[in-house]
Each structure stands twice: as structure tokens, then as C-alpha cells.
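Single-structure report; data block below.
Throughout, read-outs are computed from the coordinates displayed, never taken from laboratory work. This is a predicted model, so every value here is computed, not measured. Using ideal geometry, Cβ is built from the backbone for each residue, glycine included, and neighbour counts are taken over all protein chains shown.
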Amino acid sequence: MLQNLFLTVVVENSACKNDAHLQAQHGLSMLLDLGLGDRRVKLLWDTGATAGVLLDNATALNIDLDHIDLIALSHGHYDHTGGLMAVLRQRKERVPVLCHPQVFAPKIKDRPSLKFIGLPFTRNQAEAEGAIILECRGPVPIAPGITATGEIPRREAFEVVEGFWTFRDGLYCRDSIPDDQSLAIDVPGKGLVVVTGCAHSGIINTVNHALQITGASKLYAVIGGFHLMWADDRRIEATVQALTNLHPACVRPGHCTGERAIRRLEEAFGDRCMPLAVGDSIEL
């Protein structure tokens, strides 16, 4: 059973202002230190956008990359995967990398013009550096009380994926980002903690799916990117209202959430809401 959880923000769009050694970057990476009985398990959730920032921040935060037991990728965009090769090269041993099969599909953005935003490496290159690729479309039980959600059903009409494209069977087509997944963590005595990457599936779809697959009855915390940076006011308001109805005790938005959405979340949740920053250490 999960006894305690410490989450450290390694890469984020903003950094703690009182530590000059920490660097901000458009990207996301978090280290989850899980207490399971008489042992601890360390899970690296995403790897930021570039090697330099991830490695420098890890050093400043006294994170030993050789002690990471598992790496999990939220989806296949560069700002969540760009530091993976550096982590692999820093390690002495191979490490499992959990992801969806579509992580390796071409990822394209069309604003302001066509741009590749996928993984800056191939599967073969990652495996050659020591990655043990574990692909799964559905939920994966990582440890007692900790589950990777796998694909997330899209049920909320206001939560749509726009502006992303891929190449499939020789055709240029919309990318619904089926590889988007999150972590669902049941914290005894508190409820469910949902840790997201970008929540391209929609933060409400993500939370509802996490509650469903775990059987949890109470949402305790939502931490990560909510992907509302480009959302209109209607979607932001619908998201805030739906999240309010779930009564989380802790809301920690970051990365792709966007300033307008963060301000609205702060208005709605008061001191229960605090934006993420590099160097944050969250004990759950």
C-alpha cells in the first residue's frame, strides 16, 4: 500500500524565484518518490524539452538519475520527452519507459505554420541508449494504488483537441493525441491524486476516467498541465465549474494551463490553488 508520496517539479514553465540555480522552460517533468512498505520507488513523469535544463535542474535538486526505477511519458510531444535521451545516457543501467504506442507517431502543429513537435529521437535510438520500451493503450498498474490511465475517453463536449496533426497511411490528418495519459494515485485517507502531462484529452475527461478506472470516490488533488492556454472563456468557465463540482482539496495547474485559466482557477479555489514552479516539493 502507498504510505506517502513526495512530488518534485523538475521542469516547468516557471521556476522558484528564490533559487537562482533552477531554470524555467516550456516543458514538464516531475519526480514522484513513492513510499511502498519498506521500500521507495522513484518514477520520473516526463522529461522536459531539452537535456541541459533537465540535467541542471536535477543536479540542483539533488536528484540522482541512476536511482529512478521507471520513466513514464504522458504523450509524444517534444516538451515532455526532449530530455529522455540525456537521462538514459546518464544512467549505468537500462530503465523501463512506459508509454502509449502512438507516442512514436509523427506530431505536427499547424500554428502559425507547419512545425514538427514530436519526439526528437526514434524508438531505436532510445532503446540503443538503454530504454526498455513498454507500450500499452490501456491502464497499467504501476504499483499498489498507482495507475497509468492509458487512453482517456473523450466524453465532455466542451473538451476538444484542435490544432494538432499527424501523418497516417500517407495522409495528412488530424491528431486527436490518443497517446495522452495521466497518473492516478490513491492516497490513503485523502483520495485520488491525478497527475497530468498536458491533459490534451481534457482535464475533466482525465479526472473522470481516473476516478472510473480506480474506483475512487473522492478527488483529492489535480497536478500538472490543463491545456487551456488557447481555450476561449466559455471552455475555461465550463472547466472551472466542472472541477469545482468535484471538490478537490488541492489544485496545482502549470505548464500549458495558461495565465487566464490559472487566474480563474485561483479565483474559484482560493488558497487551494497554487501554480506549479520548478523546485516545488509537494508532499501528499
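So in segment 173-284, what percent of DSSP beta bridges are antiparallel if you round to the nearest 5?
Rounded to the nearest five, the antiparallel share is 35 percent.
In the structure shown, do any of LYS17/LYS190; LYS42/LYS190; LYS42/LYS115 have a Cα-Cα gap over 32 Å, and if so which?
Where the Cα-Cα span goes over 32 Å, the pairs concerned are LYS42/LYS115.
Once phi is turned into ³J(HN,Hα) by the Karplus curve 6.51 cos²θ - 1.76 cosθ + 1.60 with θ = phi - 60°, what whole-Hz value does each residue of segment 157-173 show in order, with x for glycine and proline?
Calculated HN-Hα couplings, in order: 5, 7, 9, 10, 9, 9, x, 10, 9, 8, 10, 9, 6, x, 10, 8, 9 Hz.
Need one number: % antiparallel among DSSP beta bridges in the chain, to the nearest 5.
65 percent
List, in order, the whole-Hz ³J(HN,Hα) value for each residue of segment 91-98 obtained from phi through the Karplus relation with A = 6.51, B = -1.76, C = 1.60 and θ = phi - 60°; use x for Gly and Pro.
Residue by residue, segment 91-98 yields 8, 8, 10, 5, 9, x, 10, 8 Hz.
What value, in deg cm²/dmol to 500, does the helix sum -39500 (n - 2.57) over DSSP H runs of n ≥ 4 give at 222 nm once divided by the residues of the chain?
After summing the helix terms and dividing by residue count, I get -6500 deg cm²/dmol.
Based on alpha-carbon centroids, what's the gap between segment 207-284 and segment 108-168 in Å, whole number please?
If you average the Cα positions of each part, the centres end up 21 Å apart.
Are there trypsin sites (Lys or Arg not before Pro) in segment 183-274 that DSSP puts in a loop and that have at most 16 other Cβ atoms within 10 Å, and which ones?
Counting only loop positions with at most 16 other Cβ atoms within 10 Å, the trypsin sites (Lys or Arg not before Pro) in segment 183-274 are LYS190, LYS218.
When the chain is treated as a GNM, springs tying every alpha-carbon pair under 10 Å, which of ARG89, ARG168, ARG252 comes out with the largest mean-square fluctuation?
Result for the chain, Cα springs under 10 Å: ARG168 fluctuates most.
Considering the chain as a Gaussian network with a 10 Å cut-off on Cα pairs, which listed residue, PRO188, PRO112, PRO141, attains the greatest mean-square fluctuation?
Looking only at PRO188, PRO112, PRO141, the biggest GNM fluctuation is shown by PRO112.
First obtain the Kirkwood hydrodynamic radius of segment 142-184 from its Cα pairs, then insert it into the Stokes-Einstein equation at 4 °C and 1.567 mPa s, and state the resulting D in µm² per second as a whole number.
Rounded to a whole number, D works out at 103 µm²/s.
Two-decimal Rg/Rh of segment 127-233 from alpha-carbon positions, Kirkwood Rh?
1.01
Spelling out what I want: for every residue of segment 214-231, take phi, set θ = phi - 60°, compute 6.51 cos²θ - 1.76 cosθ + 1.60 (Karplus), and round to whole Hz; glycine and proline get x.
Couplings: 9, x, 5, 9, 9, 8, 9, 8, 10, 9, x, x, 10, 6, 10, 4, 9, 6 Hz.
Give me VAL103, VAL161 ranked fewest to most by other Cβ atoms within 10 Å of their Cβ, as a rough exposure proxy.
With the fewest neighbours first, VAL103, VAL161 line up as VAL161, VAL103.
Regarding segment 2-283, what are the three Cα extents along the principal axes, ordered largest first, in Å?
The principal-axis extents, from largest down, are 51, 46, 39 Å.
Given contacts defined as C-alpha pairs under 8 Å and at least six residues apart, what's the relative contact order of segment 2-283, whole-number percent?
The value is 17 percent.
Springs between alpha-carbon atoms under 10 Å, Gaussian network over the chain: tell me which of ILE262, ILE63, ILE223 tops the mean-square fluctuations.
It is ILE63.
Dipole of segment 2-283, Cα-centred, from +1 at each Lys and Arg C-beta and -1 at each Asp and Glu C-beta, to the nearest 20 debye?
Rounded to the nearest 20 debye, it is 260 debye.
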